[in-house]
Structures are given as C-alpha cells and as structure tokens.
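The values are calculated or read from the model by the stated rules, or taken from the named source; none is laboratory data. Nothing here was measured: the structure is a model prediction, and the numbers come from that model. For neighbour counting, all protein chains shown are included, and Cβ atoms are generated from backbone atoms with ideal geometry for every residue, glycine included. Calculation scope for accessible area: heavy atoms of the full protein, side chains included, ligands and nucleic acids excluded. Shrake-Rupley method; radii C 1.70, N 1.55, O 1.52, S 1.80 Å.
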Amino acid sequence: MGLREGNEFTDDIRVIFCSLIGYAVFFSVAVSLQLGFSNPYPRLSLAVVQIACAVLINMLFGRFGFGLSTIMSVLQLGIMTFDFTRTQDRTTLAIVFIAAASIIVTLGLQFFMGKVYSRMFRVKKLYNQARSQLITATEKNSQEVKKETSNIDRNIVKHDKNGISNLDPLTVLPNRYKVLEEVENWIDDKISLMQSGGGINKSLDENITIIYLDIENYNDILFRLGHHPTDLFIQNLAHKLREEAHPHDLLGRVAAGEFVIAAKRSLSRDALMSYVSALTSTIKRSFAYGGEKISVRVCAGCSSFPQDARFSGDLLGCAEYALVSGARLSENKDSVALYSEIKDPRFKVHGTSLSKDLIVKMEQLIPQAIKNEEVYVVYQPQYNIEGTLMGFEAFLRWKNPELGTLSAIDFMQVAEKTGTIYDLGHFSVRCAIETLAKINATDPKLKMTVNISSSELKNGDIPGLLADLIGKYRIDPSNLIVDIPEECLTTSFDMVRPAINYIASLGVYMTLDNFGRGYSSLNNIPLLPVKGIKLDSNFTRNVGFGDEQMGILTASIIDQMHEIDVYVCATGVGSKELFHKLRDYCCDFYQGGFLSKPVRADELDEIIKTAKVPSQVWTQEAP
C-alpha cells in the first residue's frame, strides 16, 4: 500500500470513529433531555429523531453503525422502561414503544441489507469470472492475430530497418527501391574489386545490364477487365518471367505494368537482344479471360554499367528512357531499344566514350599525374543575389602531355569506376582546404565548397581526412561546404548516413548537389543535415530560353526551400537570360561562366580584391 493510499485509509477510519462518537453523544444527550422535560412534545420529537438517526447510522456505517445504534436503542429502552415503572407516565410509555420499534427497524434493515450485499457479491463474482474469461479469450485471439501478422510480414511484404517496403505486395517481387539498392551494391562490389587490383580487366569485361520491360497497353487491359482479373494477369506474368529469366538475374516489378531485370554477367549485343526477345515473347503470349483472348504489347529498353551510367538510379533512368524512345520510334509497336544507340538530349554526358585501353591507361596515369602536377584544382567564384563574392567551389582539371586535355567528367567517371577516385578526392580536398586557409586570412567570411562522391562517402576515409585538415589549418568549419551527391539519397543513403552525420558533427556545412538531375524529391531534403541545394545546370538550362513550365517549377522549388530555411545555389549560369530569370525567382547564390570562369589559385587574390560582379553585368536587364 502506497503512502497516499495509507493516508486515505487512516482518514476514513477517523471519519467513521468521529461520526459514531458523535452519534453516541447525541443519543445520550437526547435521552437525558427526555428524562428532564415534562412537556410530551419535545420528548416525542427527540424519540422520532433518535429512530431516524439509528436508521441513518445503520445504513452509512454497516455493521459498526448497526451495533452502536442497537446498543443505544437497548439502553434507551431499558432507561425508559425503568422510568415508566416509577412514574407511570404515558409519554414515557410511548418512548418505550418507539425505542422497541427502533430496534426492530434496525434489525429488519440489517437483514435486508445483508441479503442485498450477498446478492451483489454473487453478481460481482459472476461479472469478474465472465470478465476474466473474456480477457483470456481476447489475449489468445490477439496472440493469434499477431502471429498471423508476423507471418505475413516475414513471408509476403518484407521491410528494411527504416520501414521501407522492399517487395511488391502483389507479385512478391523486389520493388523499385530494392532493385536500386541491389544494383548499387553490385556497382560498389565492382569498384572495390577494381581498387584492390588484379580485377580491373575482368570488371571492365563484366557489365551490369538493366532490362526495362513495359506493357504498353496495360491501362487498356485494366479498363477492359477490371482490377481483379488484371491483378491475376500480373501475378501470372511475374511467375512466367521468373521461369524465363536467368537464375542469377534479379527480377523486380517497379510500376503497374513495368518490370525490370538486372543482369550481372557478360552479355554481347546479340546475346542481350536474344535474351530480351525471349522475355518479351513470354509477356506477349495472349491469354484468355471469359472466353476472350487478350493481346499484350511490350516495349523494352536496355542500359549498361559502366558505359551508360555510374549509379543505379541513372542506370535505371537510362533504360527507361531507351524504352520510351523505342516505343515512340516504333509508333506503339513492340520494340527493343539500347540506350547506347539513342541520342539522349537530357544530358550532355551520361558516361564515357573512351576505349577500354585508354581507360586502363588513365587509371595507371592518375597517381603519377598528381605527383607531376598534371592534375590541378581551379576555383569558381560564387556570388549572392546582391553581387557580393561569397566564396569558391573547387574543381579538378587534368592536362596530360601524352593524352592531351581530358574532360573532367570523363576522367572523374573513370576514376570512380576504377577506384582511383579516392586519390583524386584526397588531393582535391587537401588543396581546397589549404586554399581556404589562405583566403580566410584576407577575408574570414569567404567559404570553400568541395565535392565528394558517393563512393568516397561509403568506402573512403574522407570524414577523417576533413577532421585532420580542419585541425591542421585551423579553419572555421562553417566556412567549409561539402557537396553531397543527390543520387546517394535514393541508392545508398543507409550506407552514407554515418559519414554524413560525422561530417555534420564537425560543424561543416553541407549542400545537396545536382538537385533536379532525375530522381530528386523535396521530401528527401529533411533526411540530410543540409544547409542548401545546388540546382543542376541541366535542370535550369531551359529557364533562360523562356520555358515557362520549367520556370514555374524552378520558382516553386526555390520558394519551398526558403520555407524550410534551405538556401538555393544555381550552377552553370552561362547566359544573361538565365542569370536574370533566376534573380527574379530570388535564387540565393550563383556560379557559372557568365559571372566568372574557374581560375587557378594564383588568380584568387584579384577576384577577392574586387569582391563583386561588375555592376554593368549585375544591373543589366535581360531582353
């Protein structure tokens, strides 16, 4: 019993005791007054009050009240009987009868209340038994339901540790999220194999191929048959595709009538086309429903790593683009298209067109190129909306005597595929932080942005390197900005989360790079401790050419980012029209060839002294 409960119990006993003592005192005083009064009316009135009090005490205090009221009534009966034998007073005789009636009433009341309490006890006992049985049955049913639910969760719809569904509930095939995750793991394994040495040639020969299959007339079938028959058709189709697909390939359902097959093995063009033909034939076989044959039209698109894309999200997007382009070219007839044979206007470069021999040569030359200062860092100024210099972004360049000047996109992609991205990443970060320390001596508010790839975040020691360099050069961590690749949100977020959290703990600012490249979602922004986003140049390029829809979308994104205190930086600002449009949308920061081209470290002092974009550029109105 708790302290509070003990106090309450003591208070109850005190109230009962005081009430009974008060009743006894009142009864004694009433008897004394009855003996002292000669007027019969007060004496009889007190007798009636006594019997009423006896009944009340009996009802309120149960056995205690019954015992005390009975004792007092018997005493009154005895006293008044003795007084009557002495005085022969009729009023006294009436009081004797009232006292006897009081005893009879309290006895009858106690007997009646005993019966009531007994019945109430039996009812309560039956109620408790029924309640206990009900609780037992409910707990048993609950356990059975939990067991069934657990079996369903394990066998039908599996989830990862973040609660994201991995399987399509209709076909029990991997969904888009799971396919992207698995393909990204394959790519990481290939990069690790190439980095370890001895597996470079083998890794280059064994590609990862994505086959994207789409039922073109899925909506027609759904409208014609309804949901339930269409679901049965999809389930049957998934079963047939499982049987037709290579046992080592990954089969997934990524949308209503869309399936993806990922193959981690060598496939020549002829072998790939033959494989796709067998898969599409499986889908195109007519099926019957209600005595009516239903024909199915299929399109397929294919892409390969590393030729077409570096990341699983890009790889899937390339296959989907090939599918859509192939369908358009064939005018809704069954078709198969390879991304490598289609000109994609969305991106200037999706992969590298370099030969395998040159790729191997580049991989061998990159470590030596750093020592020979063939690889160097350039810095592109970044300005705010008022035209004031805010900082710089560091970019790598490579000029080789034997190979000539190579595209940064080409050699960075090769570095990521072959594992030399880590050497380049270390070199870039060291140079950028050393330069930041020098320019902060002139202007402590200037910032430096460095780029870190998904591979470095997952497998490298970049977080530790950043911590060491920040301590070595004694820079303000908030002046260092790390660009996080956008694709890591959808393909490997769980793997890069520890590195990102550690970088954030250093006080380093982070921005989401390449935003709008193809798989961005505004809902993903809160997943990262980012201070800003960088709009991809491919995303904003058409804004400068009067694309109203793209302009509305860009303005909306900027407004939504400002609502959650995330700044927006536009990259690739290469024209006056684009620059002034973005200013109208209240974009926060700008960088690009129109404002200033990237410069070497020895040219930074001149830009810092100027500290502003020329006024004629900043105030000039777009036509």
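Counting Lys and Arg as +1 and Asp and Glu as -1, what is the net charge of the other residues whose Cβ lies under 11 Å from the Cβ of Leu446?
Once all neighbours under 11 Å are counted, the net charge is +1.
Which links in Lys445/Lys581; Lys371/Lys597; Lys576/Lys609; Lys438/Lys609 stretch past 21 Å when you go from one Cα to the other?
Over 21 Å apart, Cα to Cα: Lys445/Lys581; Lys371/Lys597; Lys576/Lys609.
Given H placed 1.01 Å from N in the peptide plane, which residues other than close sequence neighbours of Ile481 have an amide H under 5 Å from its amide H?
Those qualifying (amide H under 5 Å, at least 5 residues apart or on another chain) are Met448, Thr449, Val450.
With all protein chains present, calculate the accessible area of Tyr275 using a 1.4 Å probe and round the result to the nearest 10 Å².
Per-residue accessible area (Tyr275): approximately 30 Å².
Would you kindly calculate the translational diffusion coefficient of segment 53-109, applying Stokes-Einstein with the Kirkwood radius from alpha carbon pairs, for 10 °C and a viscosity of 1.306 mPa s, and quote it in µm² s⁻¹ without decimals?
In µm²/s, the coefficient rounds to 138.
When only the heavy atoms of the protein chains count and the probe is 1.4 Å, how do Ser575, Ser295 rank by accessible area, highest first?
The ordering from most to least exposed comes out as Ser295, Ser575.
Would you kindly find the accessible area of Val55, with a 1.4 Å probe and non-protein molecules such as ligands, DNA and RNA excluded, rounding to the nearest 10 Å²?
In the full protein context, Val55 sits at about 40 Å².
If Lys284, Lys190, Lys438 are ordered by their accessible area, calculated over protein heavy atoms with a 1.4 Å probe, which sequence runs from highest to lowest?
Lys438, Lys284, Lys190
Taking all protein chains as present, what is the carbon and sulfur share of the accessible area of segment 237-283, in % to the nearest whole number, probe 1.4 Å?
Roughly 50 percent, rounded to a whole number.
Could you compute how much accessible surface Asp443 exposes when probed at 1.4 Å, giving the result in Å² to the nearest 10?
Result for Asp443: roughly 50 Å² accessible.
Per-residue HN-Hα couplings for segment 105-114, Karplus 6.51 cos²θ - 1.76 cosθ + 1.60 at θ = phi - 60°, whole Hz, x for Gly and Pro?
Ordered by residue, 3J(HN,Hα) equals 5, 5, 4, x, 5, 5, 4, 5, 5, x Hz.
Mind checking the per residue accessible area of segment 210-318 for me, 1.4 Å probe, whole number of Å²?
Spelled out: the 1.4 Å probe surface of segment 210-318, per residue, equals 43 Å².
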